[in-house]
Amino acid sequence: MRVVIAEDSVLLREGLTRLLTDRGHDVVAGVGDGDALVKTITDLAAQDALPDVVVADVRMPPTHTDEGVRAAVLLRKQHPGLGVLVLSQYVEEQYATELLAGSSHGVGYLLKDRVAEVREFVDAVVRVAQGGTALDPEVVAQLLGRSRKQDVLAGLTPREREVLGLMAEGRTNSAIARQLVVSDGAVEKHVSNIFLKLGLSPSDGDHRRVLAVLTYLNS
């Protein structure tokens, strides 16, 4: 997996680089601001050497507001096949919604605290690089909370809401079954019921079902 890291904290940037390289991944560049990130990806694309995924901080110089996420959104438009995982200190729903506004293929939004859980973080980076989804549980909770206010999930049972939240995090049916200590068949039944109640057509792939849920939540 080839990775570009955009993080203005040198210590954190080096730490992320070490985490990934120690596990056999190739960090091809590390930058400290949004403009440098866009230029780096543009240069790599010109060399036909686009990375698999970008890991970027939401807030970077010069204003430390939204430079990172704006760069991420721009890069997703310019390079639809590029995976983008953004890191944030807090859940910022506006940025999460903006990032998910288009296709949810290869997109992630994690809180920086999640980086401390090394295996979970690396798994998330790999999942996004492969075109999957990785959303922090706190982000999912806020998106689901907003949807509940709009009463769009009123027809779901508490267990179905729980399953939907885990699906939105990017978990597979088997992972959900282990988390809830139920059978795979029970999870499959809940998933079918969720799509039926939300008026969504389930597809063969678990990843596509997750994307359909995320698309619905952001509609």
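The values are calculated or read from the model by the stated rules, or taken from the named source; none is laboratory data. The structure presented is a predicted model; accordingly, all values stated were derived computationally and were not measured. A quick note on method: Cβ atoms are made from the backbone with ideal geometry, for glycine too, and the neighbour counts reach across all protein chains shown. Accessible surface areas use protein heavy atoms only, side chains included; no ligands, DNA or RNA. Shrake-Rupley method; radii C 1.70, N 1.55, O 1.52, S 1.80 Å.
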request  = Using only Cα atoms, locate the centre of the stretch 48-65 and the centre of the stretch 171-185, then give the distance between them in Å, rounded to an integer.
outcome  = 33
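Quick one: order Y109, Y90 from most to least accessible surface, probe 1.4 Å. List each step's numbers first, then the result.
Working: Y109 5, Y90 155 Å².
These residues rank, largest area first, as Y90, Y109.
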query = Taking θ as phi - 60°, what are the ³J(HN,Hα) couplings along the stretch 174-187 by the Karplus curve (6.51, -1.76, 1.60), each to the nearest whole Hz, with x for Gly and Pro?
reply = 5, 5, 5, 4, 5, 5, 8, 6, 9, 7, 4, x, 5, 5
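If you stretched the chain out fully between R2 and S183, how much longer would it get, using 0.36 nm times the residue separation minus the C-alpha to C-alpha distance? Intermediate values should be presented prior to the final figure.
Numbers: separation 181, 0.36 × 181 = 65.16 nm, distance 3.60 nm.
Extra length from R2 to S183 when fully extended: 61.6 nm.
Might you tell me the accessible area per residue for the stretch 40-93, computed with a 1.4 Å probe and given in Å²?
Numbers: 2380 Å² over 54 residues.
Ligands and nucleic acids excluded, the figure is 44 Å² per residue.
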task = Hey, can you grab everything whose amide H is under 5 Å from the amide H of V86? Only 5+ residues off in sequence or another chain; H modelled, so Pro and N-termini drop out.
result = A56, G108, Y109, L110
message = How large a share of the accessible area of the stretch 1-82, in percent, is made up of carbon and sulfur atoms when the probe is 1.4 Å and the other protein chains stay in place?
response = 51
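How high is the FRET efficiency from R18 to D43, r the C-beta distance, R0 22 Å, rounded to 0.05?
Details: r = 24 Å, r/R0 = 1.10.
The value I calculate is 0.35.
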